[in-house]
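The values are calculated or read from the model by the stated rules, or taken from the named source; none is laboratory data. Quick caveat, the model's predicted, so the values are computed rather than measured. Cβ atoms come from the backbone with ideal geometry, glycine included; neighbour counts cover every protein chain shown. Surface accessibility is based on the protein's heavy atoms, side chains included, excluding ligands, DNA and RNA. Shrake-Rupley method; radii C 1.70, N 1.55, O 1.52, S 1.80 Å.
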Amino acid sequence: MQDLVNVSYDTLIPNNVDLSSDRRVLKALERWHPGYLKWWNDLGPEGFQDSLVYLRTAVSVDPKGWTKFDYVRMPEYRWGILLAPEVEDRRVPCGEHCGEPAWQEVPGEYRAMLRRLIVIQGDTEPASVEQQRHLGKTAPSLYDMRNLFQVNVEEGRHLWAMVYILHKYFGADGREEAEELLRRQSGSAEAPRMLGAFNEETPDWLSFFMFTCFTDRDGKMQLESLAQSGFDPLSRTCRFMLTEEAHHMFVGETGVGRTIQRTCEAMNQAGIEDPYDIEAVRALGVIDLPTIQKKLNLHYSLSLDLFGSEVSTNAANAFNAGIKGRFRESRIDDDHQLAEATYPVVQLVDGAIGLVDMPALSAINMRLRDDYTRDTSGGVRRWNTLIAKHGVPFEMRLPHDGFHRQIGVFAGANVTPAGELVSAEEWQARRQEWLPSAADGDFIVSLMQPEWRPGKFASWIAPPKVGIDNKPGDFEYVKLEMA
Ligand SMILES: [Fe+2]
Ligand SMILES: [Fe+2]
C-alpha cells in the first residue's frame, strides 16, 4: 500500500501519489521532465548551478516534520509531487453543490473553468524564478543567497504540482498546457507570462524582498482559496504548497525588516535624525526610508491588481461551482452560498470614493483582496515597531487601494497613496514622490555589491536574528568554491 504521508523516492520523481503504479501519468511526467530541466538551466538562477546550496527538501507531508536540510546542487534538487493527506469525508465547502462529497475526478461541467484556474496559478510559479534569475550575483550574503535559491526551487516544485494535476486529470489538453507553461517567459514580447506583475523586472534585492512579501502573499491568498476547492486533488495540492509558501513570505518580510533595521542603525550611529535627509542617509550606504516606502507602494499596488476586478462574474461562477472558495471558507459562519448576502465594495460615485453594498457572490475578489490587506498589515506593523524602537520619526504605510491601479474600479483613476482623488496632471507631477524614480532605482542598484564571505553582510542590510535550520551566524549556506 502506498504511504500517504512519507514520500516515495524510488521513482525519478519523488511523490506521495503512488506514481509507480500510475504508468500513464508517470510516463507523461517523465516526458515533461527534460524540458523542465532545460527550462531550469536556461531560465533559472544564473550561475551557481554547480554550487552546493544548503536547501530543504520536502520528504513528508506530516506537518510535524516534512523537511530535510542538506547541501544540494540545484539542478539535482528532488522536485517532487506532494499532496496533503486526504481529509476523511471531505465535502464541497461552498456554492450550489455545498455539502455534496468533494470530487475526486474533474466535474465535466466545470472542466474548462478548473483548467484555466490551474494554468493561471501554474504560470506564476516559473515566472517568479525567471524574474529573479539574475539576483544571485549580487546577493548581500550567503544566507540571503540560500534563501533566494530555496524560494526558486520551491516555485519550481509548485510548477510540478500544477503540471501533475494537468497530466493526471486533463488528458491531451492538460499535456499541451504543461508544455505552454515552459514556453511562456516572463517579460517576453511574443509569449509573456499571463499576469502583469509576473512580467515586471526584479532588478535588485529590495525588489525581491518586496515581491516575496507582497506578491507571494497574493499567491498565498489564491492558494488559500484553491485549497478550499471542491475538486479534492487541487485542494490537497494547494494545502501542501501553502506550507512551503510561508517561508517565502518570511524571507520577504524579514528581508525588508532587516533593510529597515540597518538604515535606522546607520542613522543612529551617524546622528541623523531626519529620515527625509535622503542624501545624508544614502551617503551611509543604506537605503533611506522614504525610498523603501516608494518600493512598498509599487509592489503593493501591482499585487492588488492580481486580485482582478472587485466585481467579477468569473469569480462568482467559480465560487458557485464550488471550485474556488473564500479565504478560510470552512471557518466562515454563513450559508456558504451567498444567495442573499451583500458585501461592501469600493466604487467611484459622483467623483468620490465610497463603499456600496453589492451581491456578495459577485464581490468574491474584493473580499479576498480585503483579507489580503489585513494579512499584509501585520508585517507593516512589525516594521513600524522596529523603526520606533530606533527612535526614528517615520512610519511605513500601505497606500490606499486605489493608488496606482491598472485593474478594476480604480483603473485610470488618479488616487494618491492617502486616498485622495486628484487631477491627472497633479498625479503625474507628484508621481516621483510616491513611486521609485529611475534615479532611486540606480541608487539601490549601486548598493547591490555582492558579499559572499560566510557570516558577512552587505552595507545596506542587517544580519538575521537566527540562522536557517538554527545554523550559526558564520555558516556557509552556499559553497561557492564548487562553482
Ligand atoms: Fe509558489
Ligand atoms: Fe512563493
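I'm trying to understand the selection: among the residues of segment 123-134, which are within 13 Å of ligand 2 (Cβ to nearest atom) and either in contact with a strand residue (DSSP E or B) (Cβ under 6 Å, 6 or more places away or on another chain) or not hydrophobic (A, V, I, L, M, F, W, C) (or both)?
Residues satisfying the conditions are 124, 125, 126, 128, 131, 132.
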- Flag if residue 412 is open to solvent by 20 Å² or more (accessible area, probe 1.4 Å), more than 23 Å from residue 287 (Cα to Cα) and modelled with pLDDT under 95: yes
- Qualifying residue in segment 61-75 (condition: within 27 Å of residue 315 (Cβ to Cβ), in contact (Cβ under 8 Å) with a residue 24 or more places away in the chain and under 25 Å from the mean Cα position of the chain (by Cα)): no
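Among 127, 172, 112, 191, which is surrounded by 18 or more Cβ atoms within 10 Å (Cβ to Cβ) and not β-branched (Val, Ile, Thr)? Can you show your working first?
Details: 172 fails: surrounded by 18 or more Cβ atoms within 10 Å (Cβ to Cβ); 112 fails: surrounded by 18 or more Cβ atoms within 10 Å (Cβ to Cβ); 191 fails: surrounded by 18 or more Cβ atoms within 10 Å (Cβ to Cβ).
Sole residue among the options that is surrounded by 18 or more Cβ atoms within 10 Å (Cβ to Cβ) and not β-branched (Val, Ile, Thr): 127.
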- Is segment 69-85 home to any residue that is in a helix (DSSP H, G or I) and either open to solvent by 60 Å² or more (accessible area, probe 1.4 Å) or among the basic types (Lys, Arg) (or both)? yes
- State all residues of segment 210-231 that are part of a loop (DSSP other than H, G, I, E, B) and touching an Asp or Glu at 6+ places or on another chain (Cβ under 7 Å); if no residue qualifies, say none. 228
- Query: Residue check: is residue 23 open to solvent by 20 Å² or more (accessible area, probe 1.4 Å), out of contact with any Phe, Trp or Tyr (no Cβ under 7 Å at 6 or more places or on another chain), modelled with pLDDT of 95 or more and of a type in the set (D, E, K, R)?
  - Reply: no
- Query: Taking interchain pairs and intrachain pairs at least six residues apart, which have beta carbon atoms under 6 angstrom, with the first residue in segment 197-209 and touching a residue at least 24 places away in the same chain (Cβ under 8 Å) and the second open to solvent by 20 Å² or more (accessible area, probe 1.4 Å) and aliphatic (A, V, I, L, M)?
  - Reply: 197/302; 197/306; 204/445
- Task: Enumerate the pairs (first residue in segment 246-269 and of a type in the set (Phe, Trp, Tyr); second residue anywhere and part of a helix (DSSP H, G or I) and within 16 Å of ligand 2 (Cβ to nearest atom)) with beta-carbon separation below 9 Å, excluding pairs fewer than 6 apart on the same chain, so at least 6 apart or on different chains.
- Result: 250/147; 250/212
- Give me the pairs, please: first residue somewhere in segment 135-158 and within 12 Å of ligand 2 (Cβ to nearest atom), second residue anywhere and of a type in the set (Phe, Trp, Tyr), beta-carbon distance under 6 Å, and either six or more positions apart or on two chains. 153/77; 156/79; 157/79
- Query: Tell me, which residue of segment 421-465 that is of a type in the set (D, E, K, R) and in a loop (DSSP other than H, G, I, E, B) is surrounded by the most Cβ atoms within 10 Å (Cβ to Cβ)?
  - Reply: 451
- Query: On the given criteria, is residue 180 among the charged types (D, E, K, R), open to solvent by 10 Å² or more (accessible area, probe 1.4 Å) and either closer than 25 Å to residue 329 by Cα or touching a Ser or Thr at 6+ places or on another chain (Cβ under 6 Å) (or both)?
  - Reply: no
- Pull up segment 238-276, narrow it to residues that are more than 15 Å from the chain's Cα centre (by Cα) and polar (S, T, N, Q), then point me to the one that is nearest to ligand 1 (Cβ to nearest atom). 259
- Task: Return the pairs, sorted by first residue and then second, in which the second residue is open to solvent by 10 Å² or more (accessible area, probe 1.4 Å) and at pLDDT below 95, the first residue lies in segment 217-241 and is over 18 Å from residue 164 (Cβ atoms) and away from ligand 2 (no atom under 15 Å from the Cβ), the beta carbons are less than 8 Å apart, and the residues are 6+ apart or on different chains.
- Result: 228/330
- Item | Answer from 262, 258 - the residue that is among the charged types (D, E, K, R), open to solvent by 20 Å² or more (accessible area, probe 1.4 Å) and closer than 19 Å to residue 290 by Cα | 262
- Item | Count of segment 261-317 residues which are in a loop (DSSP other than H, G, I, E, B) and among the small types (Gly, Ala, Ser) | 6
- Query: Can you find a residue in segment 216-237 that is more than 29 Å from residue 106 (Cβ to Cβ), within 12 Å of ligand 1 (Cβ to nearest atom) and touching a Gly at 6+ places or on another chain (Cβ under 8 Å)?
  - Reply: no
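Among residues belonging to segment 132-169 that are more than 19 Å from the chain's Cα centre (by Cα) and β-branched (Val, Ile, Thr), point out the one that is least open to solvent (accessible area, probe 1.4 Å).
Taking segment 132-169 and keeping what is more than 19 Å from the chain's Cα centre (by Cα), we get 137-143, 164-169.
Pick out the ones that are also β-branched (Val, Ile, Thr) and you get 138, 165.
On the way: 138: 36, 165: 0 Å².
Only one residue tops the list, namely 165.
So which residues in segment 338-350 are among the small types (Gly, Ala, Ser) and open to solvent by less than 70 Å² (accessible area, probe 1.4 Å), if there are any at all? Talk me through it step by step, then tell me what you get.
In the first step, residues of segment 338-350 are kept if they are among the small types (Gly, Ala, Ser); the result is 339, 341.
Matches in segment 338-350: 341 only.
Taking segment 466-483, which residues are in contact (Cβ under 8 Å) with a residue 24 or more places away in the chain and assigned to a loop (DSSP other than H, G, I, E, B)?
467, 471, 475, 476, 477, 483
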